[in-house]
1. How large is the translational diffusion coefficient of segment 236-331 in µm² per second when you combine the Kirkwood radius over alpha carbon pairs with Stokes-Einstein at 10 °C and 1.306 mPa s?
2. Roughly speaking, what is the stretch gain from Lys325 to Glu217, that is 0.36 nm per residue apart minus the C-alpha to C-alpha distance, in nm to one decimal?
3. Express the carbon and sulfur contribution to the solvent-accessible surface of the chain as a percent, rounded to the nearest whole number, probe 1.4 angstrom.
4. Scale the Cα Rg of segment 119-231 by the rule-of-thumb value 2.2 N^0.38 Å and send over the ratio, two decimals.
5. I need to check one value: relative contact order of segment 206-252, counting alpha carbon pairs closer than 8 Å and at least 6 residues apart, in percent.
6. If I ignore ligands, DNA and RNA and count only protein heavy atoms, how much of Met198 is accessible to a 1.4 Å probe, in Å² to the nearest 10?
7. In what order, largest first, do Glu282, Glu311 sit by accessible area if the probe radius is 1.4 Å?
8. Among the listed pairs Lys7/Lys114; Lys78/Lys298; Lys196/Lys221; Lys62/Lys197, which have their C-alpha atoms separated by more than 28 angstrom in this model?
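The values are calculated or read from the model by the stated rules, or taken from the named source; none is laboratory data. Since the structure is predicted, the reported quantities are computational estimates derived from the model, not experimental observations. For neighbour counting, all protein chains shown are included, and Cβ atoms are generated from backbone atoms with ideal geometry for every residue, glycine included. We work out accessible area using only protein heavy atoms, side chains counted, and drop any ligands, DNA or RNA first. Shrake-Rupley method; radii C 1.70, N 1.55, O 1.52, S 1.80 Å.
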Amino acid sequence: MSQRKGKTIFSAVQPSGDITIGNYFGAVKNWTQLQSDFNCIFALADLHALTIRKDAEEFKQKTLEAYALLLACGIDLKKSLFFIQSQVNTHCQLAWMLACHTGFGELARMTQFKDKSNSHSGNVNCGLFSYPVLMLSDILLYRADFVPVGQDQKQHLELTRTVTERFNFLYGPTFTVPEPYIKSGAKIKSLKDPTKKMSKSDPDLNSRIELLDSPDEIVNKVKRAVTDSESHVKYGANKDGLNNLMTIYSCTTGKTFDEIEKEFDGKGYGEFKSAVAEALIEHLAPIQNRFSEIIKDKGYIEKCYKDSAEEALNISNETLNEVKKKIGFIL
Ligand code: AQP
């Protein structure tokens, strides 16, 4: 990262599967646009991803690929920091100190914990429970002013603010109290159940489009996307599937819903779905091309994540040392 540009933004994505167009249009695309105006700190949150059990070799491969893919999406290391969370050991250290200032009841109220406990009932681990504390640590270590949050993360950010204020009250001003960054991206829904968000860990592969899907995969998945029994391309109530495809088409073409409705006036869902697939293929092609170049150069990728981790460690160590001093640890 070249130089600091005023306000700091922190955001992260988990390498918990292959990055989807939900992650891209909902978060990563925005990140690339924020880089010119903010001091951006991005992380690949592999520690967070561990809340779901993984095969070690596959996890390593997916983390590396996700790192390269996010570079291909436009994260620019001349402007931003982009590190792999487990390589910066301050995150776990601060998380423990913050866990000791977070109430059990506060964590137990988190709806994401309740949802994930239901969907992963075979592995309700303590990491899943204390996930928001690690997120708190990620944010506070870099004294982030803003955190881009979707609806699902709003409650976690509220908790972040509560614990930050508690810490500052107990030990004197230490941390910046982070604000939500409102201008968030589009919400993309599952192609199979458009009442749910598209997720990279959804067991149904046809529920999501991954950034590295081939043109055939994209065409087939969009063709099979759940819609409704009507055929008129018009955004409206009880049309979650169609609304979702319109959102995806709008994200890929920049067209408004009005423009899309006019374009497909008198045409059926079949024709619209073909256009959505084509637009996606065209939109993702440059990212896929850049990815195939970057992934060949393992030395370059390693240099990128190592340099970023070193810089992240320098910045975060300063915060951690201040916290240790205030708590009363011997330095
Ligand atoms: N469907 C979505 N639409 C819009 N934004 C989305 N995000 C995720 N899914 C959608 C945003 O992507 C960023 C990174 O997400 P994450 O990897 O930290 O975790 P997540 O939100 O839990 O994403 P997934 O894909 O659903 O992962 P899994 O399946 O592992 O839980 C966040 O900013 C998120 O809002």
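1. The diffusion coefficient I find is 88 µm²/s.
2. Stretched out fully, the Lys325 to Glu217 stretch lengthens by 33.5 nm.
3. 52
4. That works out to 1.44 for segment 119-231.
5. Once divided by the residue count of segment 206-252, the mean separation gives 27 percent.
6. Approximately 10 Å² of Met198 is accessible to the 1.4 Å probe.
7. Glu282, Glu311
8. Over 28 Å Cα-Cα: Lys7/Lys114.
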